[in-house]
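Below you'll find the structure, written out as structure tokens, and then a few comments.
The values are calculated or read from the model by the stated rules, or taken from the named source; none is laboratory data. Fair warning: this is a prediction, and the values are worked out from it, not measured in the lab. Methodologically, a virtual Cβ is constructed for each residue, glycine included, from the backbone with ideal geometry; neighbour enumeration extends over all protein chains shown.
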Amino acid sequence: MHQRLFLATFTAAAVLVNVACPKPRKTETPVKENVVKKVDPPKPKSAAETFLEECRATLAKAQGLLPQVKAADAPRTVEGTLLPYNQLLIHMRQSGARAGLIAEVHPDADVRDAARTCEQEVNQFGTALQLDRGLYDAIAAVDVTAADPATQRFVALTLRDFRNAGVDRDEATRTRLQQIDEEITKLGQEFAKALAEDVRAIEIDDVAKLAGMPQDWIDGHKPGADGKIRVTTDYPDYTPFMTYADDDALRRELYVANRSRGNSDKYKNAEVLQQVLALRAEKAMLLDKAHWADFITADKMMKSGKNAAEFIDRVHKLAKKRAEKDHAELLKQLKKHDKKAKVAQDWQRQWLEAQVKKDKYAVDSQRVRAYFPFAQVLQGLLDITSEIYDIQYVPVSDADAGSWHEDVQSFDVMRGATKLGRVHLDMHPRDGKYKHAAQFPINPGIAGVMSPEGALVCNFPKPGPDGPGLMEHDDVVTMFHEFGHLMHEILGGQTQAWLTQAGVATEWDFVEAPSQMFEEWAWSHETLSRFAKHHETGEVIPADLVAQMRKADKFGLGIQTVQQMFYAAISLGFHTADPEKLDMLAEVKRLQKKYTSFPYVEGTTFHTSFGHLMGYSAMYYTYMWSLVIAKDLLTPFEKKGLMNTEVTYAYRDKILAPGGSKDAAVLVKDFLGRDFSFKAFEAFLTK
Ligand SMILES: [Zn+2]
């Protein structure tokens, strides 16, 4: 379970947004008539200018609707006030979501910068909206007593979010809240930009030092003109290298390089983070909360920072024994190489785990990856989701899709003749691109207005002349995970009339449940056998190998779980501490010691490369919390299998399709026929 990120760019509670006065546009210099003929042809607009113009035009539509929403029209009505407000939110979200995506994926750095600029403007407008007392009063004045439940929920959530944002505070406080949000947006972008750009590499001068690496990987890493082989911190390099490279010193070097990203002469993420934490603490205080953790969890399933802390400790206790056993096993393995070893180190973890899996569980990950060439996995995934959700994927040409890079594959998602939405798959790494795996929403699905559109942004091996792009099984799991988000986005965007119900109001700490649940489809022979075929022989992955993989996967579960709780504790702890007294690095070291058995490695600054601290802030616990629910959601499949459409359709209709139209706990109850419980998760963790 590596960190996997879902960016809910706009939740109703944190609707990003911006002021009533759009930035001044560039005015064109009028050509004086008497200057005669010699007029230069207009300079063609750069891609960045064009992007910014289009993004601002969409935002301007939202801004243009504001006076209409607020205009007195007593008595206020759904048609006169709520509908234009909903339309305003749709335009705002469109401009912000597109900017948020393009800032992370566009091949042209100027366009990425333009997108960041537009994103800031959208956020500014959004913050101003939520602090706009006149707007709040207008919405509150709409009589919805006779309206349908969806409309009533829309108004209730909207007003709640306004109050949470501080709309009822005095003018000075609202002005400060606005400034704080604007500053946080800019600092968050700076933090993310550093992570996208700060790719480190180690240089290896002798191919013999690649001992242990798979041959296809070595073939794809020929020495450069200077005779050196470069191994970067990007996933397709990092994961295999940390798993297979026998050279301990090189693995350590790459580990330290990776865990100190965001911390260099050029990139100062520690300073940026410290400022963000101070601003968040100030905002929480202005809104009468003890700290940011309480503020951000109040409208989530978790409800408070204290509940989150208790949850982290509950899981940690459950996993501790298993983690200690795992760790002892790793040390035993290490002693086979070095009799005097006293402790297994974090940079040895993946390498040792792979060996234990091979020796003890007979799972050779090099053998496993031969069944997972990229194109085959993707096709398998499309086929499976087609079958279990009754959908079809129709390829869309680059020109029609308006995609940002030639690598992107776009599809319309259809059911029969009905178009449900559009998806874009941007699956391979490149310079300046987002380094993680995430689903980015683009358009919300609003019935009768627009169909949902989303993108997957991942970093999987690319098929090419040197090989078929063999994926680690871990990558395969990630691909299924991200598709879990994408299906939620598309299938949840079919019937919602109000923006806040198109998945936007889904509680943040529920969003990782559908994605983590769908990982199961990458672990079952029933589903794997459909596409996992040996890239040379075509042989279907053997059932006993999958059974062994599952068993082996349970090895290391203890370590993974406490590691996740370590990350969750950083995320929560940084947002409960007094930022002035917080020594971030000391806190990382302390929590690492408390939660994991791996010693801190000198030279690393994990917090400067922990991207979730921006998007998720205090809520990294979300992954484990959602996993608890995901394990429970799988229970109805146990008897009937993962491809049984009676169950998959029920899941689609009761969990995915309603989007955010009901509280997550209610959706889960609708599907399970009871409240969710810890039982399935406990069994998974302890058996
Ligand atoms: Zn996710």
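Is it the case, given these coordinates, that ALA328 is among the aliphatic types (A, V, I, L, M), in contact (Cβ under 8 Å) with a residue 40 or more places away in the chain and either in contact with a Pro (Cβ under 9 Å, 6 or more places away or on another chain) or under 22 Å from GLN592 (Cβ atoms) (or both)?
Numbers: among the aliphatic types (A, V, I, L, M): yes; in contact (Cβ under 8 Å) with a residue 40 or more places away in the chain: no; either in contact with a Pro (Cβ under 9 Å, 6 or more places away or on another chain) or under 22 Å from GLN592 (Cβ atoms) (or both): yes.
When the stated conditions are applied, ALA328 does not pass them.
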Look through LYS340, LYS317, LYS303 and report the one residue that is in contact with a helix residue (DSSP H, G or I) (Cβ under 8 Å, 6 or more places away or on another chain) and either more than 15 Å from LEU572 (Cβ to Cβ) or surrounded by fewer than 22 Cβ atoms within 10 Å (Cβ to Cβ) (or both). LYS303
Just the residues that are within 21 Å of VAL647 (Cβ to Cβ) and within 12 Å of the ligand (Cβ to nearest atom), please, taken from segment 490-511. PHE510
Filter segment 84-102 down to the residues that are in contact with a Cys (Cβ under 8 Å, 6 or more places away or on another chain) and hydroxyl-bearing (Ser, Thr, Tyr) and list them by number. SER95
From the residues in segment 231-289 that are closer than 15 Å to LEU195 by Cα and among the small types (Gly, Ala, Ser), which one is nearest to the chain's Cα centre (by Cα)? GLY262
Can you name the number of the only condition in (1) out of contact with any helix residue (DSSP H, G or I) (no Cβ under 8 Å at 6 or more places or on another chain); (2) modelled with pLDDT of 95 or more that VAL39 fails? (2)
Select the helices (runs of 4 or more DSSP H) contained entirely in segment 67-166, then report the ones holding at least 3 residues which are more than 30 Å from LEU187 (Cβ to Cβ). 83-105, 133-140, 149-165
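Before we move on, is GLU536 out of contact with any Leu (no Cβ under 6 Å at 6 or more places or on another chain), surrounded by 22 or more Cβ atoms within 10 Å (Cβ to Cβ) and among the charged types (D, E, K, R)?
no
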Where residues in segment 577-595 are in contact (Cβ under 8 Å) with a residue 40 or more places away in the chain and surrounded by 20 or more Cβ atoms within 10 Å (Cβ to Cβ), which of them is nearest to the ligand (Cβ to nearest atom)? TYR595
If I filter segment 601-627 down to residues being of a type in the set (A, V, I, L, M, F, W, C) and assigned to a loop (DSSP other than H, G, I, E, B), which single residue comes out as surrounded by the fewest Cβ atoms within 10 Å (Cβ to Cβ)? VAL601
Mind listing just one residue for me: the one in segment 78-110 that is under 22 Å from the mean Cα position of the chain (by Cα) and among the polar types (S, T, N, Q) and, of those, nearest to PRO441 (Cα to Cα)? GLN94
I'm trying to understand the selection: among the residues of segment 439-488, which are within 21 Å of PRO107 (Cα to Cα), hydrophobic (A, V, I, L, M, F, W, C) and more than 16 Å from the ligand (Cβ to nearest atom)? ILE442
